[in-house]
Amino acid sequence: MALHEITPEDMLQRCARCGSRNRVSLDTLEVGVARYEDVDDGLVQLPACPACRSTEFLIRAPEDEPAHPAPGSFAHLHQLLVGHLHAELVQRGRLHTALKSKGGRTSKVRPSPLSQEARERWFPQGLRIAVPPDEQARAPEESSQ
Ligand SMILES: [Zn+2]
């Protein structure tokens, strides 16, 4: 799963399974995924990939996450973007119904948007990742359909 860009209207996702790039409107996303009786407020479920139908989740890093070991790497920037997307959705009230009903819309979910300083340092060109993901571990392209 990879989130590559966030705009005020949508996000650009690159499918981990088939590699297609999908633009997903922020209005179709919500924070929180039901697991058994509980709802995990650190997850954002993405719509199924139109090309291969695989479904993916974005997982927000825990609040007490230590500093990333490789600042500026794809993994680090991706983590920052996911945290920001999560915060953006919370601020828009895009929450799983179970999270809304538990007294107060955002009382339980604590968003952590990017600071202005972090934006200027890591995303001077806007909320997108230019660093290519490390794909060496991936299998060669399977292009035959
Ligand atoms: Zn796909």
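The values are calculated or read from the model by the stated rules, or taken from the named source; none is laboratory data. As the structure is a prediction and not an experimental result, all values here were calculated from the model. Virtual Cβ from ideal backbone geometry, glycine too; neighbours counted across all protein chains shown. Quick note on the areas: whole protein, heavy atoms, side chains included, nothing else; ligands and nucleic acids left out. Shrake-Rupley method; radii C 1.70, N 1.55, O 1.52, S 1.80 Å.
Do you know which residues across segment 1-25 are within 16 Å of the ligand (Cβ to nearest atom) and outside any loop (DSSP other than H, G, I, E, B)?
The initial filter retains those residues of segment 1-25 that are within 16 Å of the ligand (Cβ to nearest atom), namely 1-4, 11-24.
Hits for segment 1-25 are A2, L3, H4, M11, L12, Q13, R14, R21, N22, R23, V24.
For G32, work out the one condition from (1) more than 16 Å from the ligand (Cβ to nearest atom); (2) open to solvent by 60 Å² or more (accessible area, probe 1.4 Å) it doesn't fulfil.
Looking at each condition in turn, G32 falls short on (2).
Does L95 satisfy being open to solvent by less than 30 Å² (accessible area, probe 1.4 Å), away from the ligand (no atom under 16 Å from the Cβ) and either within 17 Å of T7 (Cβ to Cβ) or modelled with pLDDT under 90 (or both)? Break it down stepwise before answering.
Details: open to solvent by less than 30 Å² (accessible area, probe 1.4 Å): yes; away from the ligand (no atom under 16 Å from the Cβ): yes; either within 17 Å of T7 (Cβ to Cβ) or modelled with pLDDT under 90 (or both): no.
Criteria not met by L95.
Run I6 past the list (1) over 23 Å from W122 (Cα atoms); (2) open to solvent by less than 90 Å² (accessible area, probe 1.4 Å) and report the number of the one that doesn't hold.
Exception for I6: condition (1).
Do we find that E120 is at pLDDT 95 or above and either open to solvent by 40 Å² or more (accessible area, probe 1.4 Å) or of a type in the set (G, A, S) (or both) in this structure?
Working: at pLDDT 95 or above: yes; either open to solvent by 40 Å² or more (accessible area, probe 1.4 Å) or of a type in the set (G, A, S) (or both): yes.
So E120 passes the test.
Going residue by residue through segment 26-43, is there one that turns out to be at pLDDT 90 or above and part of a loop (DSSP other than H, G, I, E, B)?
Taking every residue of segment 26-43 in turn, at least one turns out to be at pLDDT 90 or above and part of a loop (DSSP other than H, G, I, E, B).
Name every residue in segment 40-79 that is open to solvent by 50 Å² or more (accessible area, probe 1.4 Å) and of a type in the set (V, I, T), in order of residue number.
T55, I59
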